[in-house]
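Read through the structure below, which is laid out as structure tokens, and then see the notes.
The values are calculated or read from the model by the stated rules, or taken from the named source; none is laboratory data. The structure presented is a predicted model; accordingly, all values stated were derived computationally and were not measured. Using ideal geometry, Cβ is built from the backbone for each residue, glycine included, and neighbour counts are taken over all protein chains shown.
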Amino acid sequence: MPENFVICRCQHCDGHIEFDASDFAKGETRTVECPHCKLETLIFVPVAPKPSPVPPIQKTQYVKGTVLDFTIQTNSGIISGDDGQRYSFQGADWRDVGKYPAKGMRVDFSPQAGCATVIYSIQDIAVATQGTKASKSLPPVLLSKPNIDIKTKSSMRSRNTAIVIAGVMCILICILFLIGFLQSQRVPSGPPSDNDVYSCAVDYIKGVYPQAQCSSFSESSVTHDYTNQYTVSVLIYGVHTVNYGDINRMWVKIDYDGRRLRVSSASQS
């Protein structure tokens, strides 16, 4: 008879006792001395536990249907299944990247307690969508974030446009200021003419009396005091002051420093 070694536990010390059970009958017990604690204990052939039954694998059920409605504000919609049931769904359950829920779209989904989950479209959105073109143009983020403010993008675009316009205006102002500065720093090619000296005097007078009307240039109006000094006599009209009354003539002394003309003094009569 072939050997059949099995292991049984001691009833006292729980030590393992290995023995040949080839001549044991079914359910037979024997008394032996435990090799560990030296006490008598019963040995028997242990019954192997029956394996627990493997639960059957449940196959996931999928249903096809048609989208009846999808609302962006609530990020939810309703699908009419081909099984005759209606299923509600949320935007987070939509799995088809690049396509968005639209009325009339054919879809495939997994029903769970009256709700549609793991939803995929099975028909081209351009064919299935009728009257809901707005949902096609919305970004995918709307499917996972309900109640989003759709006006945010347009308001940001308006703000960016205002910033660009303000920047262009600042650049134009800087260019005009630079042009004026360069013109004021323009160096004459030679000594100023008497006409230039006279014009300098007229500009000064109009700066003091904006309402003044000045006489035209004549050669006798400009006198050369020194090489770079001039006295200009200008007839003026329409100027009345409290201290001097009507002013009919002004004498303006002008210096030339080799670059520009400067008014050094002025008197009136």
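Condition check: surrounded by 11 or more Cβ atoms within 10 Å (Cβ to Cβ) and either assigned by TED's automatic domain parsing to the domain that holds residue 17 or more than 19 Å from residue 119 (Cβ to Cβ) (or both). Does residue 45 satisfy that? Considered against the rule, which asks whether it is surrounded by 11 or more Cβ atoms within 10 Å (Cβ to Cβ) and either assigned by TED's automatic domain parsing to the domain that holds residue 17 or more than 19 Å from residue 119 (Cβ to Cβ) (or both), residue 45 comes out as yes. Among the residues of the range 71-79, are any closer than 30 Å to residue 3 by Cα and surrounded by 14 or more Cβ atoms within 10 Å (Cβ to Cβ)? No. Those helices (runs of 4 or more DSSP H) of the range 123-217 in which at least 1 residues are at pLDDT below 50, polar (S, T, N, Q) and assigned by TED's automatic domain parsing to the domain that holds residue 72, considering only elements entirely within it, cover 133-137. In the range 1-111, counting only strands (runs of 3 or more DSSP E) that sit wholly within it, the ones holding 2 or more residues that are within 18 Å of residue 123 (Cα to Cα) span 63-71, 76-81.
Only one entry in 54, 107 is surrounded by fewer than 13 Cβ atoms within 10 Å (Cβ to Cβ) and more than 30 Å from residue 3 (Cβ to Cβ), namely 54. Looking across the range 1-22, the residues that are among the polar types (S, T, N, Q) and surrounded by fewer than 13 Cβ atoms within 10 Å (Cβ to Cβ) come down to 4, 22. Listed conditions (1) under 30 Å from residue 182 (Cβ atoms); (2) surrounded by 13 or more Cβ atoms within 10 Å (Cβ to Cβ); (3) touching a residue at least 40 places away in the same chain (Cβ under 8 Å) are all met by residue 250, apart from (1).
Among the conditions (1) more than 16 Å from residue 119 (Cβ to Cβ); (2) within 36 Å of the chain's Cα centre (by Cα), the only one that residue 50 does not satisfy is (2). Residues in the range 33-53 that are at pLDDT 90 or above and aliphatic (A, V, I, L, M): 39 alone.
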